[in-house]
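Visitor: Please see the structure below; I have some questions.
The values are calculated or read from the model by the stated rules, or taken from the named source; none is laboratory data. Given the structure is predicted, the values throughout are model-derived calculations rather than measurements. Cβ sites come from the backbone with ideal geometry, for glycine too, and all protein chains shown count toward neighbours.
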Amino acid sequence: MRDFDEILGIEFVSLTGSLLAGFLLALIIGDLRLLPGLLVLLPGFLEMSGDISGSLAARLSSGLFLRAVEPRWSFRQSYLRGNLAAALALGLFVSCALGIVAWAVTLLLGGLNQPVLIAVALLAGLLANIVEIPLTVAGVFWLFKRGHDPNNVIGPLVTTMGDVVSIVALAVALAVLL
């Protein structure tokens, strides 16, 4: 019953966060018209954030239960350090790949040469990961210390957080680069 209560509560939080993400996306819709290739970039970019944070959370949660990592911030823990580096590198690599794909599709199908899509994807990916990765780690550690199973709670939470943070990061990247 406890697991059900944890999962039900976080699903309501996830639903509310998803509504917030949709509202934020509606606010930047004008920027999407300025750079049509963002419509190609956006679905993959939003999916990337939750996937990377979700897999990081799952690895950390498993590491906590296996006692491979302590629930505290310490870069002396090679397990934590390695997972942080992997998540950041993966986020930058996938952001670059998404930017290249969005640029190529826009060029090939729309005849628009918008190489700024690559820079937007990289900057937004960097900003999003700088925010999401520490929040994910802190969330997993906080839940574990309070006796909750992070595997029950953190998935919907980081997915929703990833959507909100990614849209804000995309808006900031657009403001900086356009």
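Visitor: Could you look through the stretch 19-34, keep only residues that are part of a helix (DSSP H, G or I) and touching a residue at least 24 places away in the same chain (Cβ under 8 Å), and pick out the one that is nearest to residue 104 (Cα to Cα)? Break it down stepwise before answering.
Guide: Of all residues in the stretch 19-34, those part of a helix (DSSP H, G or I) come to 19-27, 29-34.
Add one more test, that the residue is touching a residue at least 24 places away in the same chain (Cβ under 8 Å), and what stays is 20-21, 24-25, 27, 31, 34.
Numbers: 20: 31, 21: 27, 24: 27, 25: 24, 27: 26, 31: 20, 34: 17 Å.
By that ranking, first place goes to 34.
Visitor: Could you please find all residues in the stretch 35-45 being over 15 Å from residue 172 (Cα atoms) and assigned to a helix (DSSP H, G or I)? Before you say what the answer is, go through the steps one by one.
Guide: Let us first name the residues in the stretch 35-45 that are over 15 Å from residue 172 (Cα atoms), namely 36-37, 39-41, 43-44.
Correct list: 39, 40, 41, 43, 44.
Visitor: Considering the stretch 102-123 alone, what residues qualify as being surrounded by 15 or more Cβ atoms within 10 Å (Cβ to Cβ), in contact (Cβ under 8 Å) with a residue 60 or more places away in the chain and not in a loop (DSSP other than H, G, I, E, B)?
Guide: Here is the first cut: in the stretch 102-123, the ones surrounded by 15 or more Cβ atoms within 10 Å (Cβ to Cβ) are 102-103, 105-107, 114, 116-123.
Still in the list and also in contact (Cβ under 8 Å) with a residue 60 or more places away in the chain: 102-103, 105-106, 114, 116-117, 120-121.
Matches in the stretch 102-123: 102, 103, 105, 106, 116, 117, 120, 121.
Visitor: Determine which single condition residue 99 fails, assuming it passes every other condition in (1) free of Cβ contacts under 8 Å to residues at least 12 places away in the same chain; (2) surrounded by 17 or more Cβ atoms within 10 Å (Cβ to Cβ).
Guide: Status for residue 99: all satisfied but (1).
Visitor: For the stretch 49-78, which positions are buried (at least 22 other Cβ atoms within 10 Å of the Cβ), touching a Gly at 6+ places or on another chain (Cβ under 9 Å) and at pLDDT 90 or above?
Guide: Selection gives 52, 53, 57, 69.
Visitor: Would you be able to say whether some residue in the stretch 142-149 is in a helix (DSSP H, G or I), surrounded by 15 or more Cβ atoms within 10 Å (Cβ to Cβ) and touching a helix residue (DSSP H, G or I) at 6+ places or on another chain (Cβ under 8 Å)?
Guide: Taking the stretch 142-149 first, the residues in a helix (DSSP H, G or I) are 142-145.
Subset that is surrounded by 15 or more Cβ atoms within 10 Å (Cβ to Cβ): 143-144.
With touching a helix residue (DSSP H, G or I) at 6+ places or on another chain (Cβ under 8 Å) added as a condition, the list becomes 143-144.
Looking through the stretch 142-149, at least one residue is in a helix (DSSP H, G or I), surrounded by 15 or more Cβ atoms within 10 Å (Cβ to Cβ) and touching a helix residue (DSSP H, G or I) at 6+ places or on another chain (Cβ under 8 Å).
Visitor: Checking residue 136 against (1) in a helix (DSSP H, G or I); (2) in contact with a Phe, Trp or Tyr (Cβ under 9 Å, 6 or more places away or on another chain), only one condition comes out false. Which one?
Guide: Tallying (1) in a helix (DSSP H, G or I); (2) in contact with a Phe, Trp or Tyr (Cβ under 9 Å, 6 or more places away or on another chain), residue 136 fails exactly one: (2).
Visitor: Only one residue in 155, 91 is part of a helix (DSSP H, G or I) and at pLDDT 90 or above, so which one is that? Working first, answer last.
Guide: Working: 155 fails: at pLDDT 90 or above.
Exactly one residue qualifies, and that residue is 91.
Visitor: Additional query: What number of residues within the stretch 79-96 are buried (at least 17 other Cβ atoms within 10 Å of the Cβ) and of a type in the set (Lys, Arg)?
Guide: Matching residues across the stretch 79-96 total 0.
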